[in-house]
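Data block below; observations after.
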Amino acid sequence: MFFSFGKIQGQQSFEDIRSTYDKKEENDITALKDINLYLQKAKLENNLVEQIEGYRDAAFYSKDKSLKIKYADSAIVTAHKTDDKELISTVYLLKGSLYYFYYKNYQSALVEYLKAYQYSKDSKDDYLKYKIIYQMGLVKSYLGYYDEGIEHFKECISYFEPKSKEKLEPGAIRNVERGYLNSLHQMAVCYRNIKDYKRADSIINAGLRFSKINDFLLKKLI
């Protein structure tokens, strides 16, 4: 999939190689030269985890959306070799997100999200699991399955709301608050689409109260 652009210099670490491209913008194909070196090193060392990281980076920086899917597929094949269910879940989530963002192919995205969810069931990473559930709710709502979407968003709220009251690191707090507000927002959208305006307004008000109390400027739920 990659052309050979060069060879690894001395004892370059994975961090050294990544530092040459990790500040570049998404879809900047100039990063692929160094990602190729990253993958060369990972394959020489038979380091499956770093191979997956290389494929994920390639999917991010490649401009061709069909190549993005191919890199995600390579990451999936490699992840299955690790037998790490959490890792496998993350790469199916990646592929689903590529279908969602770049193709607007919600049915294909849902197929990948369902696979990601199955592998996340036994994961200790609850944030990953509910991130997947949120994405499932999102694509189901776009496909018109509003009732199913609502149930997914309710699951997410039941996780993110109490989590938002815990003492967490700043980055984790932002992720949890974003997850909570986004879940409220999308659930309100679903209720409006089924013309249950009373519930939609109630959810919007809950989101606005939370935003005001927490001084969290994510989005207005309107």
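The values are calculated or read from the model by the stated rules, or taken from the named source; none is laboratory data. What you see is a predicted model, and the numbers here were worked out from it, not measured in a lab. Cβ: placed from backbone, ideal geometry, glycine included. Neighbour counts: every protein chain shown. Just so you know, the surface numbers come from the protein's heavy atoms only, side chains and all, with ligands and any DNA or RNA stripped out. Shrake-Rupley method; radii C 1.70, N 1.55, O 1.52, S 1.80 Å.
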- Among Glu177, Glu86, Glu25, which one shows the biggest mean-square fluctuation in a GNM of the chain, springs joining Cα atoms closer than 10 Å? Glu25
- Item | With all protein chains modelled, accessible area of Tyr92 [1.4 Å, Å²] | 30 Å²
- Query: Would you list Arg18, Arg174 from the most to the least accessible area, probe 1.4 Å?
  - Reply: Arg174, Arg18
- Task: Would you tell me the accessible area of Asp22, worked out with a 1.4 angstrom probe on the heavy atoms of the protein chains, in Å² to the nearest 10?
- Result: 70 Å²
- How do Thr20, Thr90 rank by accessible surface area computed with a 1.4 Å probe, from largest to smallest? Thr20, Thr90
- Message: As a test question: what accessible area, to the nearest 10 Å², does Glu26 have when a 1.4 Å probe is rolled over all protein chains in place?
- Response: 90 Å²
- Task: Working with all protein chains in place, sort Val139, Val49 by solvent-accessible area computed with a 1.4 Å probe, largest first.
- Result: Val49, Val139
- Message: If I take every Cα pair under 8 Å that is 6 or more residues apart in the range 45-155, average their sequence separation and divide by the length, what percent do I get for the relative contact order?
- Response: 19 percent
- Query: Rounded, prolate or oblate: which one fits the chain, using the alpha carbon gyration tensor with axes a ≥ b ≥ c (rounded when a/c is under 1.5, else prolate when a/b beats b/c, else oblate)?
  - Reply: prolate
- How many angstrom separate the Cα center of the range 135-209 from the Cα center of the range 28-64? 35 Å
- Note on the structure: So for the range 115-216, using the alpha carbon gyration tensor with a ≥ b ≥ c as root eigenvalues (a/c under 1.5 gives rounded; past that, a/b versus b/c decides prolate or oblate), I'd call it oblate
- Label-point gap, in nm, between Phe101 and Tyr197 - each point 7 angstrom along Cα→Cβ: 3.6 nm
- Query: What FRET efficiency, computed as 1/(1 + (r/R0)^6) with R0 = 22 Å and r the Cβ-Cβ distance, is obtained for Lys154 and Arg174, rounded to the nearest 0.05?
  - Reply: 0.50
- So what is the 222 nm mean residue ellipticity for the chain from helices alone, if each DSSP H run of at least 4 adds -39500 (n - 2.57) and you divide by all residues, rounding to the nearest 500 deg cm²/dmol? -23000 deg cm²/dmol
- Query: Using a 1.4 Å probe on the protein chains only, how many percent of the accessible area of the chain belongs to carbon and sulfur?
  - Reply: 50 percent
- Message: Once you order the gyration tensor axes a ≥ b ≥ c over the Cα atoms, which shape class does the range 60-130 get: rounded for a/c under 1.5, otherwise prolate or oblate by comparing a/b with b/c?
- Response: oblate
- Task: Report the residue, chosen from Gln12, Gln51, Gln40, that carries the largest GNM mean-square fluctuation when the chain is represented by alpha-carbon nodes joined by springs under 10 Å.
- Result: Gln12
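For the chain, what is the relative contact order in percent, using Cα pairs closer than 8 Å and at least 6 residues apart in sequence?
RCO, the chain: 10 percent.
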